[in-house]
Amino acid sequence: MGQPQLRVLISEQQIQQRIQELGKQIAADYPEGPIYLVGILKGACIFLSDLARAIPKPVRLDFMGISSYGKGKSSSGEVKVTKDLDLSLEGMDILIVEDIVDTGVTLTYLTHLLDQRKPRSIKIAAMLDKPSRRLRPVEARYVGFSIPDEFVVGYGLDYAEDYRNLRDICILEG
Ligand code: 5GP
């Protein structure tokens, strides 16, 4: 087996343009602020940073650590909270910000967990969606791009902790 190859699937320019659209749409959908953006570590941190600045109204940020994947490319099916939120969600409008919805196992678990904290609303913003892989029904209200069943890295997404700082979203081949 040779060195892994990277092929650009979604360019930096496409990503940034789409995030501006999402930011405006989110701001229009939430007439009363603030919006609580809950970023799922680590993959969503770069998307969350860009999305927060594309929303032209007050937002607050918090982070949750969840591990569902090991070091490889396949899901273990297990979800574990590795870092909990600092803020109370009671009565707030929550937007869970995730890198990618794949099987939907992580977001199903997380939505259920956060719902028990009595927010006013919970919606999901995902940079990427792989609808063909879904095992649990998850509705992401805001989706950057729907992609085919390929393993992608970059823009926050890793393979064994590498590639998160790529500006494009790339398919990892090989
Ligand atoms: P789910 O629970 O929806 O199957 O998994 C969601 C998580 O799996 C994502 O937050 C991400 O960490 C990981 N994941 C799913 N597909 C990919 C992919 O193509 N590339 C990378 N790097 N991670 C992925």
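The values are calculated or read from the model by the stated rules, or taken from the named source; none is laboratory data. This one's a predicted model, so the numbers in the text were calculated from it and none came from an experiment. So basically every Cβ, Gly included, is an ideal-geometry build from the backbone, and we count neighbours across all protein chains shown. These accessible areas exclude ligands, DNA and RNA; they are computed on the full protein's heavy atoms, side chains included. Shrake-Rupley method; radii C 1.70, N 1.55, O 1.52, S 1.80 Å.
Determine if the range 77-93 includes at least one residue that is without any contact (Cβ under 8 Å) to a residue 12 or more places away in the chain and touching a helix residue (DSSP H, G or I) at 6+ places or on another chain (Cβ under 9 Å).
yes
If I ask for residues that are open to solvent by less than 20 Å² (accessible area, probe 1.4 Å) and away from the ligand (no atom under 13 Å from the Cβ), which ones from the range 129-159 would you list?
Matches in the range 129-159: 142, 144.
Would you check if residue 135 is in a loop (DSSP other than H, G, I, E, B) and in contact with a Pro (Cβ under 7 Å, 6 or more places away or on another chain)?
It is false that residue 135 is in a loop (DSSP other than H, G, I, E, B) and in contact with a Pro (Cβ under 7 Å, 6 or more places away or on another chain).
In the range 27-67, what residues are under 17 Å from residue 122 (Cβ atoms), more than 16 Å from the ligand (Cβ to nearest atom) and of a type in the set (Gly, Ala, Ser)?
If the condition is that a residue be under 17 Å from residue 122 (Cβ atoms), more than 16 Å from the ligand (Cβ to nearest atom) and of a type in the set (Gly, Ala, Ser), then 33 is the only one that fits.
With respect to the numbered conditions (1) closer than 19 Å to residue 130 by Cβ; (2) not in a strand (DSSP E or B), which one is the sole condition not fulfilled by residue 32?
(1)
Which of the residues belonging to the range 96-128 are open to solvent by 10 Å² or more (accessible area, probe 1.4 Å), assigned to a helix (DSSP H, G or I) and near the ligand (Cβ under 9 Å from one of its atoms)?
Answer for the range 96-128, where residues must be open to solvent by 10 Å² or more (accessible area, probe 1.4 Å), assigned to a helix (DSSP H, G or I) and near the ligand (Cβ under 9 Å from one of its atoms): 105, 106, 108, 109.
Any residue in the range 147-169 that's touching a residue at least 24 places away in the same chain (Cβ under 8 Å): show its pairings with residues that are among the hydroxyl-bearing types (Ser, Thr, Tyr) and part of a strand (DSSP E or B) at Cβ separation under 7 Å, as long as the two are six or more apart or on different chains.
If the second residue must be among the hydroxyl-bearing types (Ser, Thr, Tyr) and part of a strand (DSSP E or B), the pairs left are 153/159.
Cβ contacts < 6 Å: first residue farther than 17 Å from residue 158 by Cβ, restricted to the range 46-58; second residue modelled with pLDDT under 95, any location; separation 6+ or different chain. Result?
As it stands, the answer is 57/33; 58/33; 58/34, since those pairs meet every condition given.
Of the numbered conditions (1) in contact with a Leu (Cβ under 8 Å, 6 or more places away or on another chain); (2) modelled with pLDDT under 95; (3) within 22 Å of residue 131 (Cα to Cα), residue 69 satisfies every one except a single condition; which is it?
Answer for residue 69: the failing condition is (1).
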